[in-house]
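Reviewing the structure listed below.
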Amino acid sequence: MAKSVLGIIGGSGIYDLPGLTNVREERVASPWGEPSAALRIGEIDGLPVVFLSRHDKGHRLSPSDINYRANIDVLKRVGVTDLVSLSACGSFKENLPPGTFVLVDQFVDRTHKRESSFFGRGLVAHVSMAHPVSPLLRKRLGEAALAEGIAANWGGTYVCMEGPQFSTYAESITYKELGYSVIGMTNMPEAKLAREAEICYATVAMVTDFDCWHEGHDAVTVDQIIKVLLDNATKAQRLVARLARDFPREHEPCPIGSDRALDTAIITAPEARDPALIAKLEAVAGRVLKK
């Protein structure tokens, strides 16, 4: 059984991970281009933890400018088995007010400018995304939130918009009426790429505002959001510390096969596969391509 390595992707307001010990900063090269930032590799209570700032320090990268493929690739290269996304979001539900953490279980992808797969011409693969969140990882996040007294809603759908602009009123009302829980700009294609890389993935969607559907929130501003972000970041640090303390040191096999997603996904015949693409996929898909 593989050793657990916990990955943390910090979104808006989370540009570092206090509590890491024996830390080293490492820039890992990727054939997919430049990742968002150097990896911070260390430990929490003896558990290997790897932190990546999605937007980089100073928030220099917009959601559309993030190289999601490079980010997931370098996390895979350093051995991450389980990946937690800490992501700011807007809420479509009265019972999910600012400050609430939502442990989402579904995604809707409304992005349109991003590379969403490691695979393509010369090597085609189709992974299942029916259940995009790894249930054991989400369960452990819920247990950590409960232990820390952090309000966390169990389940919900995250719709990912392209951004960087916030929603129009018509968009906000439409998503609300469709029953979505929260809206953000970064978890797609991140979750899809994590699945292709056979990394168990879960999101803590941290509500900062009610989006513009809500009376009094028709003009969401960055200043308003930052105030909630700072409080959410403090709670997120506590959540991660507790998660790491209680996390199994041996990687638990995912009951929905997140960590074996490529077993039946590759459809291109061996003789038709592009050697150049195979080389780029060494970290992501080497387990199955070397067979």
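FYI, it's all coordinate maths here, none of it is from the lab. What you are looking at is a predicted structure, and each value in this text was computed from that prediction instead of being measured. Positions of Cβ are backbone-derived with ideal geometry, glycine not excepted, and every protein chain shown enters the neighbour counts.
Odds and ends about this structure:
- Positive-end extreme of charge dipole, region 85-289 - chosen from 145, 98, 158 (charges on Cβ): 145
- Straight-line reach from residue 57: taking Cα to Cα under 20 Å and skipping same-chain neighbours fewer than 8 places apart, the lysines in range are 227, 235.
- Subtracting the Cα-Cα distance of residue 273 and residue 147 from their residue separation scaled by 0.36 nm leaves 40.5 nm.
- Shown here for region 62-145: GluC sites (Glu not before Pro) in loop regions (DSSP other than H, G, I, E, B) with at most 12 other Cβ atoms within 10 Å, namely 94.
- Summary of the geometry: region 135-181 and region 47-112, compared by the centres of their Cα atoms, lie 12 Å apart.
- By the beta-carbon count within 10 Å of each Cβ, the least crowded to most crowded order of 176, 290, fewest first, is 290, 176.
- Counted over region 85-289, the DSSP beta bridges are approximately 25% antiparallel.
- Taken about its Cα centre, the chain carries a charge dipole of roughly 780 debye when the Cβ of each Lys and Arg holds +1 and the Cβ of each Asp and Glu holds -1.
- Choice from 257, 179, 42 showing the highest fluctuation, given a GNM over the chain with Cα pairs closer than 10 Å: 179
- Residues 208, 186, ranked from the fewest to the most other C-beta atoms within 10 Å, line up as 208, 186.
- With the simple model of a label 7 Å out from the Cα in the direction of the Cβ, residue 60 to residue 246 spans 3.8 nm.
- MRE, 222 nm, helices only [DSSP H, n ≥ 4, -39500 (n - 2.57), over the chain, to nearest 500]: -8500 deg cm²/dmol
- Straight-distance crosslink candidates among lysines, where the alpha carbon sits under 21 Å from residue 290 and sequence neighbours closer than 8 are dropped: 76, 280
- Other residues lying with their Cβ under 14 Å from the Cβ of residue 68 contribute a combined charge of -2, Lys and Arg counting +1, Asp and Glu -1.
- Among beta bridges from DSSP that stay inside region 81-190, the antiparallel ones total about 20%.
- Bridging of residue 3 to aspartates and glutamates at a Cα separation below 15 Å is possible for 43, 45, 82, 198, 246, 250, 252, 259, once same-chain residues fewer than 8 apart are set aside.
- Beta bridge orientation in region 1-109: antiparallel %, DSSP, nearest 5: 45
- Within region 55-93, trypsin sites (Lys or Arg not before Pro) in DSSP loop having at most 12 other beta-carbon neighbours inside 10 Å: 57, 60
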